[in-house]
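The values are calculated or read from the model by the stated rules, or taken from the named source; none is laboratory data. In this text the structure is predicted, and so the values were computed from the model without any measurement. In this analysis, Cβ positions are derived from the backbone assuming ideal geometry, glycine residues included, and neighbour counts consider all displayed protein chains.
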Amino acid sequence: MKKLIMLVTFALISVSSYAEDIYPCDFKCSSAFSQAVKVSASVSTGTIFSVVDLKDYSARTYVAERYYNRAAGEYLERAKQITTTTRAKNVANEVKTRMKSIQEQGITIPASTARSAHDLILVPSTRQTVAQMLYSNMNFENKARSYFSFIVNTLSSMVPVPNITIYFKVPFSNGSTALFVVSGLSFDHGDIIGELTYEYVEGSAKDSDGNIIPSSTSGLMGTRYFRVSQNQSFFNAVADMYGAQVRVANSCKNTSYTICKTSSSGSATCTSYTTCF
């Protein structure tokens, strides 16, 4: 098993004369504002700080305030949003750049490994096979380490470092996709230590038409449109696995029809359509 011990190096980012603390809002954080409220309760009144959302790479700057709440009859803390600092914007852009570098590693699961993301459901062992492919890709791992290192060195530790994760979209050869969560590193006395782990995110698989691939009987509910016949076949197999039968209500063929309209000036305009009745 691969182990890593990496000396922390501090990333240099252009800063204003006042370098405020910047806190991450990771994938377990509901919103940047909710994180700001938590921070405001732990810092001194008047403290300026920023929050970078690791999900959408946005940055917001706040000032911690105290106000008198008449209903509660006491002073409470709150976070007031102000103009986002240049430093916070730069940090958010750097997070986005590093994540983009990870996503662009060109990892595609070949058909010989999995026919489609459907196999993550139909053949559960496929999950471990895909995870092993990610684990074995050193270029991917180096990029992931770099991302974790930047998060540790640049953002304040409001969120425990082991909880900061990467959600990586894995493409399959037929155009389907699935998310895998990458985690496992921790911070200890100036070193990033640990071993990267990869795990399929339940319910994240989508076919090439963009339909969510059900991972339970309840997930079968709803309407799906299949432009690719293979996706219909795979869905049928998943439905069968959950004990549901897919029946064909009716068959049809493309039918053309035309709609004509008359304008106020008396001229006519006709539009032809092709659909399936």
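Worth a mention:
- Selection status of residue 79, under 30 Å from residue 238 (Cα atoms), more than 19 Å from the chain's Cα centre (by Cα) and touching a residue at least 24 places away in the same chain (Cβ under 8 Å): no
- Residue match in segment 133-141 (condition: surrounded by 13 or more Cβ atoms within 10 Å (Cβ to Cβ) and farther than 23 Å from residue 54 by Cβ): yes
- Of all the residues in segment 165-210, those that are farther than 24 Å from residue 137 by Cβ, modelled with pLDDT of 80 or more and surrounded by fewer than 19 Cβ atoms within 10 Å (Cβ to Cβ) number 3.
- Flag if residue 154 is closer than 30 Å to residue 38 by Cα and assigned by TED's automatic domain parsing to the domain that holds residue 235: yes
- Within segment 67-85, considering residues that are of a type in the set (S, T, N, Q) and surrounded by fewer than 16 Cβ atoms within 10 Å (Cβ to Cβ), the one farthest from residue 148 (Cα to Cα): 69
- Only one of the listed residues (43, 15) is surrounded by 11 or more Cβ atoms within 10 Å (Cβ to Cβ), at pLDDT below 80 and not in a strand (DSSP E or B). That residue is 15.
- Residue ID - nearest to residue 212 (Cα to Cα), chosen from residues in segment 90-147 that are outside any helix (DSSP H, G or I) and charged (D, E, K, R): 115
- Among residues of segment 121-149 being among the small types (Gly, Ala, Ser) and closer than 17 Å to residue 179 by Cβ, the one that is nearest to the chain's Cα centre (by Cα) is 144.
- For first residues located in segment 214-227 and touching a residue at least 24 places away in the same chain (Cβ under 8 Å), partners that are among the polar types (S, T, N, Q) and assigned to a loop (DSSP other than H, G, I, E, B) and lie 6+ apart or on another chain with Cβ distances below 7 Å do not occur.
- Residue 3 vs. criteria modelled with pLDDT under 75 and touching a strand residue (DSSP E or B) at 6+ places or on another chain (Cβ under 8 Å): yes
- Selection status of residue 115, out of contact with any Pro (no Cβ under 7 Å at 6 or more places or on another chain) and touching a residue at least 24 places away in the same chain (Cβ under 8 Å): yes
- Cβ separations smaller than 8 Å between residues 6+ apart or across chains give the following pairs from segment 258-277 residues that are modelled with pLDDT under 75 to residues that are assigned to a loop (DSSP other than H, G, I, E, B) and not aliphatic (A, V, I, L, M): 269/263; 276/252; 276/253; 277/252.
- Filter result for residue 75 (among the aromatic types (Phe, Trp, Tyr) and part of a strand (DSSP E or B)): yes
- Which listed residue, of 111, 64, 88, 59, is buried (at least 16 other Cβ atoms within 10 Å of the Cβ) and either touching a Gly at 6+ places or on another chain (Cβ under 8 Å) or in the same structural domain as residue 147 (by TED's automatic domain parsing) (or both): 64
- Within segment 26-40, being at pLDDT 85 or above and either under 21 Å from the mean Cα position of the chain (by Cα) or not charged (D, E, K, R) (or both) holds for 31, 32, 33, 34, 35, 36, 37, 39, 40.
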